[in-house]
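What follows is a short report on a single structure.
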Amino acid sequence: MEIDLRGKVAFITGGTKGIGGAITEVLAECGADVAFIARNFDDLKDMEVRINSRSGGRAFAIQGDVSDASCLRNAVE
């Protein structure tokens, strides 16, 4: 199944590993611009580089902890 998400933006929490990482990659592959938040800086940068190195990929990594409400609010803003 092919889904065209060009022009859409996704915000993914826990976006570097496990289900969150898979969701980040799939949404980017479908053309969405992806912003994703996680705690580990190295994992964030690796995912960001991986997505941005693909043709048309646009990723924005945000380091933070979603259990901190103010951190999450700032990330969304």
Say whether the condition of being open to solvent by 90 Å² or more (accessible area, probe 1.4 Å) and under 8 Å from the mean Cα position of the chain (by Cα) is met by at least one residue in the stretch 34-54.
no
Please identify the pairs in which a residue from the stretch 16-29 that is in contact (Cβ under 8 Å) with a residue 24 or more places away in the chain has its Cβ atom under 9 Å from the Cβ atom of a residue that is assigned to a helix (DSSP H, G or I) and among the hydroxyl-bearing types (Ser, Thr, Tyr), counting only partners at least 6 apart or on another chain.
Thr16/Thr24
Are there any pairs, at least 6 apart or on different chains, whose C-beta atoms fall under 7 Å, with the first in the stretch 58-77 and touching a residue at least 12 places away in the same chain (Cβ under 8 Å) and the second open to solvent by 60 Å² or more (accessible area, probe 1.4 Å) and among the β-branched types (Val, Ile, Thr), and if so, which?
Val66/Thr13; Leu72/Val66
Do we find that Phe41 is aromatic (Phe, Trp, Tyr), farther than 14 Å from Ile12 by Cα and either touching a helix residue (DSSP H, G or I) at 6+ places or on another chain (Cβ under 8 Å) or in contact (Cβ under 8 Å) with a residue 12 or more places away in the chain (or both) in this structure?
yes
Please state which of the following conditions Arg58 fails to meet, knowing it meets all the rest: (1) open to solvent by 100 Å² or more (accessible area, probe 1.4 Å); (2) within 8 Å of the chain's Cα centre (by Cα).
(2)
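The values are calculated or read from the model by the stated rules, or taken from the named source; none is laboratory data. Bear in mind that the values here come from a model prediction, so they are computed numbers and not experimental data. All Cβ positions, glycine included, derive from the backbone under ideal geometry; neighbour counts span all protein chains shown. Please note that ligands, DNA and RNA were not included when accessible areas were found on the heavy atoms of the full protein model with its side chains. Shrake-Rupley method; radii C 1.70, N 1.55, O 1.52, S 1.80 Å.
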